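Note sheet for the following structure.
The values are calculated or read from the model by the stated rules, or taken from the named source; none is laboratory data. None of the values given here were measured: they were computed from a predicted structure. With ideal geometry, Cβ positions are generated from the backbone for all residues, glycine too; neighbour counts draw on all protein chains shown. For accessibility, only protein heavy atoms count, side chains too; no ligands or nucleic acids. Shrake-Rupley method; radii C 1.70, N 1.55, O 1.52, S 1.80 Å.
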Amino acid sequence: AQKVTQAQTEISVVEKEDVTLDCVYETRDTTYYLFWYKQPPSGELVFLIRRNSFDEQNEISGRYSWNFQKSTSSFNFTITASQVVDSAVYFCALRTIIQGAQKLVFGQGTRLTINP
Amino acid sequence: DVKVTQSSRYLVKRTGEKVFLECVQDMDHENMFWYRQDPGLGLRLIYFSYDVKMKEKGDIPEGYSVSREKKERFSLILESASTNQTSMYLCASRQTGLFQPQHFGDGTRLSIL
């Protein structure tokens, strides 16, 4: 079965702290795609990043960075020097061929609160 | 930028009513999706469509139907609304291609009284 686990239900930190959101996935497919989305209080899910299973290169975009490790089936997301505007629910998602390429399996989400 | 527009941000309806939720995208995407989001249950796929007049059931289609008469518009229909359909509904679209992300609308918070 395809599954995404975000074990951290809620995280609360003080502004300027670094914070890492964990994502662990399960799939037997060798070709798969991973995504991160941000859902601010306004409700819209905003696409942040995607990765395919053949590309383990980590990525940095400003204060955001992503660490993809196939050996541990993890795709973790780090925010450096967090800001209040980073407060949101963050979702990790998985797409595989086996389950039908149209479907995205979402984790339960991690609610991140950045306190001033 | 991709724009996915849902017709209402907030909607209140009564039990037994027929409810229409509308979604329009402006990027000529082939694929469109309807999800519902509930606390503790995450996002669950209701229906999706990969072409005009085509539809497929997602994980929780019971009590819902959909319509896609035009490529840019995907409607979710609650045939006879019930209180357990009170939820946040999210529409998404994407281009064909396994690596293409889904782009979401702002969501409709639907309350069934």
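Results, tabulated for the structure shown:
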| read-out | value |
| --- | --- |
| Count - residues of the range B:89-111 that are of a type in the set (S, T, N, Q), touching a Lys or Arg at 6+ places or on another chain (Cβ under 7 Å) and modelled with pLDDT under 95 | 2 |
| Answer residue from the range B:46-66, given it is hydrophobic (A, V, I, L, M, F, W, C) and either touching a helix residue (DSSP H, G or I) at 6+ places or on another chain (Cβ under 8 Å) or farther than 14 Å from B:Ile77 by Cβ (or both) and is nearest to the other protein chains (Cβ to nearest Cβ) among those | B:Phe48 |
| Some residue of the range A:68-83 being within 24 Å of B:Asp1 (Cβ to Cβ) and open to solvent by 30 Å² or more (accessible area, probe 1.4 Å) | yes |
| Residue within the range A:50-57 that is at negative phi and away from chain B (no Cβ under 14 Å) present | yes |
| Residue match in the range A:35-49 (condition: open to solvent by 50 Å² or more (accessible area, probe 1.4 Å), without any contact (Cβ under 8 Å) to a residue 60 or more places away in the chain and within 15 Å of the chain's Cα centre (by Cα)) | yes |
| Matching residues in the range B:82-111 - criterion: being at the interface with another protein chain (Cβ under 10 Å from one of its Cβ atoms) and part of a loop (DSSP other than H, G, I, E, B) | B:Thr96, B:Gly97, B:Leu98, B:Phe99, B:Gln100, B:Pro101, B:Gln102, B:Gly105, B:Asp106, B:Gly107 |
| Every residue from the range B:49-64 that is touching a Phe, Trp or Tyr at 6+ places or on another chain (Cβ under 8 Å) and either modelled with pLDDT of 95 or more or open to solvent by 10 Å² or more (accessible area, probe 1.4 Å) (or both) | B:Lys55, B:Glu56, B:Lys57, B:Gly58, B:Pro61, B:Tyr64 |
| All positions within the range B:1-24 that are among the hydroxyl-bearing types (Ser, Thr, Tyr) and either open to solvent by 50 Å² or more (accessible area, probe 1.4 Å) or part of a strand (DSSP E or B) (or both) | B:Thr5, B:Ser7, B:Tyr10, B:Thr15 |
